[in-house]
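All of the numbers you see were taken from the coordinates with simple rules; none came from a lab. Just so it is clear, the model here is predicted, and its values are computed rather than measured. FYI the Cβ positions are ideal-geometry reconstructions off the backbone, even for glycines, and counts take in every protein chain you see.
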Amino acid sequence: MTTRLSPGDTAPDFTLTDDRSESVSLSDLRGQKVIVYVYPAALTPGCTKQACDFSDNLESLTGQGYAVVGISPDEPAKLATFREKENLTITLLSDPEKEMLTAWGAFGDKKLYGRTVQGVIRSTFVVDEDGVIEHAWYNVKATGHVAKIMRDLGLANA
């Protein structure tokens, strides 16, 4: 069973490679709130919708003090293609070994078409300025999730 994070937990640090082959660490983002969202695969319909929603709302989110990072097991080259094809403005990080995904409870058993399989669990986390989990949502829907996050955080849409 995968251990899930809860509000009040310290967010496990990570250092991952982005779509430009640069390293990004969660600890580098200390001092600001960070929305970390985990998605199964770039260039798929649901993940594209979710990434575009975050990109479309990025200005509003950053204007209210939030950085946004999207993490999947895709290789950096695929993430670069994803960014280019969809004109994404959010930070995309690669976790092909699924170490971060596992540490954050976003990889493990999930239901897929009535069967239990191992895979990426679509999840979103809000990490505060000190690296503590404020919110942890698991098994989220790709469509409409950004609007739900903004409502839950009391943020106005741009």
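Some points to look at:
- Close amide H pairs (under 5 Å, H built 1.01 Å from N) link Ile71 with Tyr37, Val38, Tyr39, Leu93, residues at least 5 positions away or on another chain.
- In the chain, the sites counted are GluC sites (Glu not before Pro) in DSSP loop states with at most 15 other Cβ atoms within 10 Å, and the longest stretch holding none of them, exclusive of the sites, is 23-96.
- Taking the Cα centre of the range 15-152 as reference, the dipole from Cβ charges on Lys and Arg (+1) and Asp and Glu (-1) amounts to some 680 debye.
- The chymotrypsin sites (Phe, Trp or Tyr not before Pro) of the range 79-122 that DSSP puts in a loop, and whose beta carbon has at most 10 other beta carbons within 10 Å, are Tyr113.
- When the alpha-carbon atoms of the range 108-158 are used, the pair Rg, Dmax equals 13.7, 40 angstrom.
- Computed from backbone phi with θ = phi - 60° and the Karplus coefficients 6.51, -1.76 and 1.60, the 3J(HN,Hα) list for the range 61-70 is 5, 5, x, 10, x, 10, 8, 10, 10, x Hz; x is used for glycine and proline.
- Expected-Rg normalisation [2.2 N^0.38 Å, Cα atoms] applied to the chain: 0.96
- Amide H to amide H, with H built 1.01 Å from N, Phe14 comes under 5 Å of Leu26, Ser27, counting only residues 5 or more places away or on other chains.
- For the chain, the residue among Thr44, Leu101, Ala136 whose Cα projects farthest onto the positive side of the dipole built from Cβ charges is Thr44.
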